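To start, the structure itself, in structure tokens.
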Amino acid sequence: MAPVARGFHGRRRTEESGRLPPGQYLTLDFPVLSAGPTPHTPTDRWSFSIDGAVDRTISWTWEQFLALPTEEVTVDIHCVTKWSKLDTRWRGVPVDSMLHNVSTSAQYLTAWSDGGYTTNLAVSDVTGGKAWIVYEYDGEALEPEHGGPARLLVPALYFWKSAKWVRGLRLTDEDEPGFWEGYGYHNHGDPWREQRYQGD
């Protein structure tokens, strides 16, 4: 009879394999990948805005942002460089809450960040309980190298869509490619369809 531990690990591998998109491998680390230097914006100089094709611009200071209703979520994340990390735990403000009082017919948005980074998303990819502006990871303040003080979290898409150091969402009538999309990354970025690059 096989040892109990072997059977347990076999079942665990089967369960995890069903959670891994094609071409991905598991990591226990949290790799840090960035296109440039890490910004270090003090929270007393941080603000977040929603603007563009909206009836009026809305903005929050750090203190106002922290006063918004929050959620704790546990999600799997998948990087376009093929690592996946399971059961990551975050706290943040649902994008739905931030858009609640915004009147717009826009179908797209650009998330923009300190350091000049941008990424484009369909509004439908960040609403309906699919995205958060997060400021805690694993019960601690989000470290700058992982996007602190706050980053966008869109776990259904490759992790480059979860913009680090996010400072605002600009609603747009037309879909406008962001930083990596301009260099040939896929416009949507669904890991289950391996949408890494244009043409995938």
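Across segment 162-178, the qualifying residues are those that are out of contact with any Asp or Glu (no Cβ under 9 Å at 6 or more places or on another chain), buried (at least 20 other Cβ atoms within 10 Å of the Cβ) and not polar (S, T, N, Q), and the one among them that is farthest from Arg151 (Cα to Cα) is Gly178.
A count restricted to segment 165-196 and to residues that are in contact (Cβ under 8 Å) with a residue 40 or more places away in the chain and over 15 Å from Val80 (Cα atoms) stands at 14.
Considering the conditions (1) over 18 Å from Pro37 (Cα atoms); (2) in a loop (DSSP other than H, G, I, E, B), Gly148 is excluded by exactly one of them, (1). Considering segment 11-66, and only residues there that are among the aliphatic types (A, V, I, L, M) and under 27 Å from Tyr108 (Cα atoms), the residue that is modelled with the lowest pLDDT turns out to be Ala35. Checking segment 26-36 against the condition returns no match, with no residue being touching a strand residue (DSSP E or B) at 6+ places or on another chain (Cβ under 9 Å), part of a strand (DSSP E or B) and either surrounded by 15 or more Cβ atoms within 10 Å (Cβ to Cβ) or β-branched (Val, Ile, Thr) (or both). Check segment 159-175 and report whether any residue there is part of a helix (DSSP H, G or I), out of contact with any Gly (no Cβ under 8 Å at 6 or more places or on another chain) and at pLDDT 95 or above. Yes, because at least one residue in segment 159-175 is part of a helix (DSSP H, G or I), out of contact with any Gly (no Cβ under 8 Å at 6 or more places or on another chain) and at pLDDT 95 or above. Checked against the criterion of being surrounded by 18 or more Cβ atoms within 10 Å (Cβ to Cβ), of a type in the set (S, T, N, Q), in contact (Cβ under 8 Å) with a residue 24 or more places away in the chain and in a strand (DSSP E or B), segment 82-100 has at least one qualifying residue.
Which of the residues belonging to segment 176-192 are more than 17 Å from Ala122 (Cα to Cα) and in a helix (DSSP H, G or I)? Answer for segment 176-192, where residues must be more than 17 Å from Ala122 (Cα to Cα) and in a helix (DSSP H, G or I): Tyr183, Trp192. Being under 16 Å from Arg151 (Cα atoms) and not β-branched (Val, Ile, Thr) is the filter here; which residues of segment 77-95 pass it? Residues satisfying the conditions are His78, Cys79, Arg89, Trp90, Arg91, Gly92, Pro94.
The values are calculated or read from the model by the stated rules, or taken from the named source; none is laboratory data. This one's a predicted model, so the numbers in the text were calculated from it and none came from an experiment. Virtual Cβ from ideal backbone geometry, glycine too; neighbours counted across all protein chains shown.
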